[in-house]
Every structure is written in structure tokens, then in C-alpha cells.
Amino acid sequence: MAATVPQSTGAEWFGHPRGLSTLFFTELWERFSYYGMRALLVLFMTELAVRGGLGMTDTTATAIYGLYTFSVYAVALPGGWIADRLMGQRNAVLYGGIVIAAGHFALAVPTLPAFYLGLALIVIGTGLLKPNISAIVADLYPEGGARRDAGFSIYYMGINIGAFGGPVICGYLGEGIDWHLGFGAAGVGMLLGVAQYVWGWRHLGDAGRLHGREAAGRAQALRALWIGTAVLAGLALLLLALQAAGLLALSIVGVARAAGVIITVLVILYFAYVFLLGGLDQEERRRVAVIPVLFVAAAVFWSGFEQAGSSMNLFAERLTDRNVLGWEAPASWLQSVNPLFIVLLAPLFGSLWLALGARNPSIPVKFALGLAQLGVGFLVLAWGSTYAAAGGGVSPMWLVVTYFFHTTGELCLSPVGLSSITKLSPKRLVGQMMGIWFMASALGSLLAGLVAGLIESLPLPQLFGTVGLIAVGAGLLLGVLSGPVRRLAAGVD
């Protein structure tokens with residue numbers, strides 16, 4: 001919650017509050033660590049144990065990847081709640097960064113318990129840092145308006161610069177020297193982010209602090225946190241006890257599928273509650289009715305897009321010719337293509353929407369375009385994989401072109417989705433609806449891991465082709481429905 005006093009300390013950074021530079025570099029290093037580690041994760045899990053990996057099957061490794069990426073998005077909800085009621089966004093970012101670094105360093109320890117501990121710590125730390133650092137950026141601009149939008153654009157560039165650098169450095173160290181050295185480098189990156197965050201703390205003014213009204217309910221919130229934690233721990237222990245007694249058969253894939261079903265049911269129940277008991281007037285009801293449509297479209301999009309770190313990463317490692325003058329480039333380097341395209345294309349897309357003016361496509365049309373371009377990217381990769389199936393490695397350009405279409409699809413859907421949810425939601429429900437929006441990313445990421453696991457049982461042209469056709473079909477369907485959906489949105493563009 002923004003304070004009612006100016007947040008700037010007086011100093012400026014490229015015409016913006018000096019605190020923006022602190023948050024810019026903190027998020028840059030956090031994304032460096034996240035994407036650097038993500039680029040290695042599936043490759044490490046599927047590598048043979050004699051070569052330093054975990055020797056998992058593709059199905060198990062991609063299911064773990066899906067659960068991990070799902071959890072990273074899902075814990076943003078409790079992470080935001082903890083910051084709002086217990087410690088403030090500023091402390092949540094600090095503690096989150098420290099926990100993330102500890103997670104990466106745990107991954108640098110070559111034991112299986114340390115591996116799972118590291119993943120859990122990164123999930124918890126990201127839940128504290130990711131949603132709250134964005135809230136602090138907003139706090140720096142209590143006046144709102146175009147200046148805040150420009151500040152977020154600069155901040156978004158920091159995200160993608162970090163996402164570009166992480167796979168390059170961590171990928172080289174992990175694949176070329178030692179997996180655990182790559183994970184350790186991600187931890188060093190996060191520590192650099194924490195260090196400069198602490199150093200730049202003084203530039204944040206009052207932004208992100210826990211204010212009087214929130215602090216008043218701290219004891220009650222702390223009690224609720226302990227109760228919730230105890231309930232979750234009790235359920236986990238019960239499941240483990242049932243499995244140990246032979247009364248329950250748990251598997252990674254089974255857990256991933258169950259999580260997908262549970263989240264889907266909870267989202268459906270939430271929307272039913274809002275429509276039936278949410279006290280919506282007629283106009284609010286029409287606008288909120290658009291959000292489930294966008295939710296489904298976003299979940300479908302992310303279920304394809306998030307295969308970048310799983311099936312597409314395995315394709316890069318096993319089936320691309322990365323030989324450069326006798327030296328083989330790390331497969332994980334191809335994970336840097338998407339953020340590079342984002343840095344290059346995001347300003348162009350922003351200018352394009354402004355230049356179109358009254359001809360600017362509606363929200364559902366932009367979503368349809370995003371899905372269609374995702375699908376085209378997968379159809380390109382399906383085409384390329386037919387040559388790989390014939391034997392030998394194919395050019396990495398098949399993946400580069402695929403990532404190009406995925407990036408243009410992302411720029412049509414992701415920033416538009418964030419903006420549209422705030423416009424379509426009643427003001428009293430904006431926070432909840434933003435949480436639901438992030439659950440679309442979580443569900444899509446989980447599905448991406450499960451779909452990628454089919455790489456063991458389906459020929460690649462069939463796997464990538466099916467994903468591509470589903471995405472294109474979803475885009476065409478949404479395009480056909482764009483008229484009625486736009487009318488429901490009641491003038492929101």
C-alpha cells in the first residue's frame with residue numbers, strides 16, 4: 001500500500017526516483033539467478049549420474065520442472081499477504097533475496113536432499129521477493145500516471161537483461177565445467193542483488209514500509225500464518241505416513257497432475273463465488289465474465305511458452321548442431337534468445353499500439369494473436385524436428401525462429417493481460433483478480449512440464465505439432481469470439 005507522503009529521496013536516475021535504480025538492479029540479479037538456474041535444471045536432472053547429473057527420466061524431470069515453475073508463481077499469493085500484513089514489501093524483498101541465494105547454494109551441494117531443499121528455498125524466496133519488489137516500484141510514484149508507466153518499462157528492461165545474462169554465464173559454467181558450479185554462480189548473482197539492494201536502501205524513502213494500519217493487525221496475521229503453516233505441514237506429514245504404510249502411492253507425475261486438478265477446481269469455485277455472492281452490479285458482472293476467458297487463454301499460452309526450459313531445452317541439447325569452429329556452445333545459451341528479443345522488440349510493440357490509435361486491436365484480439373504466434377512457433381519447431389528425426393543435429397536457427405514467434409506472442413498477451421485485469425476488475429477485487437491472473441501462469445507452467453514429459457512417448461514432430469495446432473486453434477476460436485467478448489468488456493480496451 002502506497003504511503004501518502006512523497007517517496008522520492010530527491011535524487012534522480014534518468015529522470016526517475018533514485019530508488020528505481022536499486023530495484024532495477026535487484027530484479028536484474030534475481031532474474032539472472034532464476035533463469036540461469038532454470039536453463040540448467042532439466043538438463044542436470046536428465047544427465048547420467050556418472051556425468052554428474054541425477055539420471056532421471058524425461059517424464060520425471062519435466063514433471064519436477066513443472067511443479068517448480070508452478071510453485072514459483074503460486075507462492076506469490078502468500079508472499080504478497082505476508083508482506084502486506086507482517087513485514088512490509090521492503091523487508092520481504094530483502095529476506096526473499098537471502099533465501100533465494102541460500103537455495104542456489106544448496107543446489108551447489110551434490111546431494112539429492114540438498115537439491116530438493118534448494119528448489120524449496122528458491123520457491124519460498126521468490127514468493128517473498130517477486131510480487132513485492134513490483135509493489136515498491138509502484139510506491140516510488142505515488143502520483144501514478146505516465147511517469148509510473150515509464151518507470152515500469154525501465155524496470156522491465158532490467159528483468160530481461162538479467163534473464164539474458166543468467167543462461168549465458170550459468171549455462172557455460174554448468175554445462176562446460178560442473179553443474180554445481182553453475183548453480184553456485186546463480187547464488188552469487190543473487191547475493192550481488194541483495195548487496196546492492198542493501199546499499200541502495202536509503203534511496204527508497206518510505207516506499208515498501210509497513211505502515212501503521214497494517215502493523216496494527218500484525219499479531220493476528222502472525223497467528224494465522226502459524227496456523228496455516230501447521231495445517232500444511234500436518235497434511236504433508238500425513239501423506240508421507242500414508243505412503244510409508246503402503247496406503248498411498250505418490251509419484252512426482254501424480255502429484256503434478258493432482259495439483260493441476262486442485263488449482264483448476266479452486267479457480268472455478270472462486271469465479272462461481274464472485275458471480276453468485278460477490279455483490280456485482282450488471283456492468284461489473286459483464287466485465288468480470290471476460291476474465292475467465294482470458295484466464296483460459298493465458299493458461300493455454302503459458303503451457304506452451306514455458307516448455308522453453310523443458311522440452312525445447314532437451315531439443316537444444318540433443319538435436320541441435322551447436323558446433324562453432326570445433327567448440328560446442330552450451331545448449332542452455334539458447335535460453336537467452338527470448339529475453340534478447342524482448343529487449344529488442346518491446347519498445348517497437350509499445351510504439352505500434354500507440355501508432356494504431358483507434359485501430360488498436362481489442363484485448364481478445366491481442367490474446368488471439370499471441371496464441372496464434374505461439375502456435376506458429378511450435379509448428380516451425382515441429383517442421384525442424386522432422387529433420388532431426390532423420391538423424392543428426394539441426395541448425396539452432398529452428399529454435400531461434402521459434403523463440404521469435406513466441407516472443408512476439410508474449411508481447412501481444414502478457415503485458416496486455418496484466419493491464420486488462422486491472423481494468424476489468426471492480427476496484428475492491430483487483431488484488432484478488434491479479435492473484436487469479438498469476439494462477440493462470442502457474443497452471444500453464446505446470447501443464448508445460450506434464451506435456452513436455454510426453455517427449456519420451458511421442459515423436460517430436462507429433463508433440464510439437466500437436467501443441468502448435470492447439471495454440472493456433474485456441475487463437476482462432478478466441479478471434480471468432482472476440483466480438484462478444486469485447487461487448488462484455490463494455491468499452492474496456
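With contacts taken as Cα pairs under 8 Å at a separation of at least 6 residues, region 345-493 carries a relative contact order of 43 percent.
Electrostatic tally near residue 302: other residues with Cβ closer than 15 Å to its Cβ, Lys and Arg +1, Asp and Glu -1, net -1. Rounded to the nearest 500, the helix-only mean residue ellipticity at 222 nm of the chain stands at -26000 deg cm²/dmol, with each DSSP H run of n ≥ 4 adding -39,500 (n - 2.57). From a point 7 Å beyond the Cα of residue 456 in the direction of its Cβ, which residues of region 237-263 have a backbone N at a distance under 15 Å? Answer for region 237-263: 251-257. Within the shell of other residues whose beta carbon sits under 15 angstrom from the beta carbon of residue 311, the net charge comes to -2, with Lys and Arg scored +1 and Asp and Glu -1.
A Cβ-based charge dipole, computed about the Cα centre of the chain with Lys and Arg at +1 and Asp and Glu at -1, lands at about 1140 debye. Dipole orientation for region 252-493: of the candidates 383, 313, 445, 445 has the Cα lying most toward the positive pole (charges on Cβ; Lys, Arg +1; Asp, Glu -1). Of the residues 406, 180, 104, the one with the fewest other Cβ atoms within 10 Å heads the list, and the complete ranking is 180, 104, 406.
Read-outs: derived from the displayed coordinates by stated rules, not from any lab. Here the structure is a predicted model, which means the values were calculated and not measured. Every residue, glycine among them, receives a Cβ derived from its backbone with ideal geometry; neighbour counts consider all protein chains shown.
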